[in-house]
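Working notes, beginning with the structure itself.
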Amino acid sequence: MTQVTVGRSGTPRLSGRRRATLGRVLGAAAMTFCALLAGLPLLFMLNNGLRTDGQILDDPLGLVHTPQFSNIVNAWEGGGLGQSMGRPFFNSVLITTVSVVVVTGLAALAGYALGTYRNYSSGSVTQFILILVAIPTQALIIPVFSMLDNWNLTNGYLGLILVYSAFWMPFSVLLMRAAARALPRELLEAGRMDGLNEFTLLTRVALPLLRGPIQGIAVVNTIGIWSELLFSYVIENQPSTRTLPSAALAFEGEYTTNYPLLYGALIIAVVPMLVFYAFLASKIRKGVTAGALH
């Protein structure tokens, strides 16, 4: 039986347990709605990637009846453009891997320093990093391209790796700083009293405790860098150096667009990240508490 209390004004009020249950139901409903809303573009892409060009033009929102898996195969082979998606796939793997290793490694070191050594300089550096996070990356596309072009770093791996490392670094450092601030200061002080130097304290005490946040940052950066389009499209103008998202735009011409192959190329670019996240989701959840003290 539902318990209802009456307030001073005479209006009925739900009990605390009832309000908590109602709050959980509303929260779950809101999260479900947001998940469905976020998944609609993915479902739209998968649906149209398995349809013919005529079906898409006649009814863009129609459902697939006879799946055309050949669209994905033709998109991988280049769709008559003479450029297979194998090279962009390799470029994406290489650029993403190197960028994530650089960002995660440097962010772990910087976040640990800012989170554990609390002084005036660390606060000033943190404020500066917050300012960097607030700057929209789209506003820097022209100066970044001009700088890389003057240094002959366009149409190559190094230029894009440097850009991704620079733009993904501030947010990663802030996350690692927050995780490092939660480390038990007594444990670090005990390590210093036992004669551990700072490097040993970092590698044997701090980093194992920060394993969960490091894994989470690596996964988030991997998904973000793999899916990035703007900088890869502007900096990499040669087909041999393009990443998957920018290579998919080759199926969109000035006057005509091959929609089945365009959606097929997008499926090739998205599915690896879906598999990657699904494979590591349980490990990420376990990694959050892997460094806890027992």
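Below are the figures for this structure:
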{"quantity": "Residue in the stretch 72-93 that is farther than 23 Å from residue 261 by Cβ, of a type outside the set (Val, Ile, Thr), assigned by TED's automatic domain parsing to the domain that holds residue 271 and surrounded by 12 or more Cβ atoms within 10 Å (Cβ to Cβ) present", "calculated": "no"}
{"quantity": "Any hit, the stretch 171-189, residues being surrounded by 20 or more Cβ atoms within 10 Å (Cβ to Cβ) and of a type in the set (Ser, Thr, Tyr)", "calculated": "yes"}
{"quantity": "So residue 64, is it assigned by TED's automatic domain parsing to the domain that holds residue 211, among the aliphatic types (A, V, I, L, M) and either closer than 18 Å to residue 225 by Cα or outside any helix (DSSP H, G or I) (or both)", "calculated": "no"}
{"quantity": "Any pair with Cβ under 7 angstrom, 6 or more apart, that starts in the stretch 231-252 at a residue that is surrounded by 16 or more Cβ atoms within 10 Å (Cβ to Cβ) and ends at one that is among the β-branched types (Val, Ile, Thr) and not in a helix (DSSP H, G or I)", "calculated": "232/243; 235/154; 236/243; 251/257"}
{"quantity": "Search result, residues across the stretch 44-56 that are surrounded by 11 or more Cβ atoms within 10 Å (Cβ to Cβ) and in a helix (DSSP H, G or I)", "calculated": "44, 45, 46, 47, 48, 53, 55, 56"}
{"quantity": "Helices (runs of 4 or more DSSP H) contained in the stretch 90-192 and holding at least 3 residues under 17 Å from the mean Cα position of the chain (by Cα) and closer than 30 Å to residue 205 by Cα", "calculated": "157-181"}
{"quantity": "Criterion: of a type outside the set (Ser, Thr, Tyr) and on the phi > 0 side of the Ramachandran plot - qualifying residue of 78, 123, 54", "calculated": "78"}
{"quantity": "Failed item, numbered, when residue 195 is tested on (1) at pLDDT below 85; (2) over 30 Å from residue 141 (Cβ atoms); (3) in a helix (DSSP H, G or I)", "calculated": "(3)"}
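Conditions (1) in contact with a Pro (Cβ under 7 Å, 6 or more places away or on another chain); (2) more than 18 Å from residue 104 (Cα to Cα); (3) assigned to a helix (DSSP H, G or I); (4) not aliphatic (A, V, I, L, M), marked per residue:
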residue	(1), (2), (3), (4)
200	no, yes, yes, yes
213	no, no, yes, yes
224	no, no, yes, yes
237	no, yes, no, yes
260	no, yes, yes, yes
268	no, yes, yes, no
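The values are calculated or read from the model by the stated rules, or taken from the named source; none is laboratory data. Since we're looking at a predicted model, the values are computed, not measured. Backbone-built Cβ (ideal geometry, glycine too); neighbour counts: all protein chains shown.
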